[in-house]
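See below for the structure under consideration.
Every read-out reported here was derived from the displayed coordinates using simple, explicitly stated rules and does not represent laboratory data. Computed from a predicted model, the values in this text were never measured in an experiment. As a convention, Cβ positions derive from the backbone with ideal geometry for all residues, glycine included, and neighbour counts pool all protein chains shown.
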Amino acid sequence: NQQSLAKIAELQSATSKRSSSGGKSKSPSKSSSKSKPSKSAEKLSEINGIGPKYQKRLNALGVKTIKEIAKWSNADVEKFADKLGCGETVTKDWREKAKELVKK
């Protein structure tokens with residue numbers, strides 16, 4: 001559980017840093033777009049089952065990309081299921097779909 005709490009704190013810190021740097025910063029993503037997946041591949045809504053509601057809630061928890069979900073450990077799956085109130089089956093499914101999308 002302490003590892004999960006550390007991960008949450010890390011994600012919240014990253015979110016705070018993004019917010020304090022002026023909110024939406026599109027220019028850095030343009031300059032590094034060659035090494036990153038396309039913008040559509042980074043939208044969480046590309047994962048079946050993540051609509052606007054869950055995307056907003058995941059963003060609030062610091063989850064911004066499909067790649068992040070693809071890297072979730074079993075502890076992360078459990079933690080986000082608990083935080084979102086959606087059940088581990090749902091978050092495991094998201095992780096598996098994210099892994100498939102990252103491979104593309």
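Step through the table entries K67/K99; K43/K97; K79/K104, compare each Cα-Cα distance with 18 Å, and write down the pairs that go over it. Intermediate values should be presented prior to the final figure.
On the way: K67/K99 7 Å; K43/K97 13 Å; K79/K104 27 Å.
In this structure, K79/K104 lie more than 18 Å apart at Cα.
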- Stretch T89-A60 to full length: gain in nm at 0.36 nm per residue minus the Cα-Cα span? 8.3 nm
- Task: First select every other residue whose beta carbon is under 10 angstrom from the beta carbon of K71; then total the charges, Lys and Arg +1, Asp and Glu -1.
- Result: +1
- Query: How large is ³J(HN,Hα) for each residue in region 91-99, as worked out from phi by the Karplus curve 6.51 cos²θ - 1.76 cosθ + 1.60 (θ = phi - 60°), to whole Hz, x for Gly and Pro?
  - Reply: 5, 5, 4, 4, 4, 5, 5, 5, 4
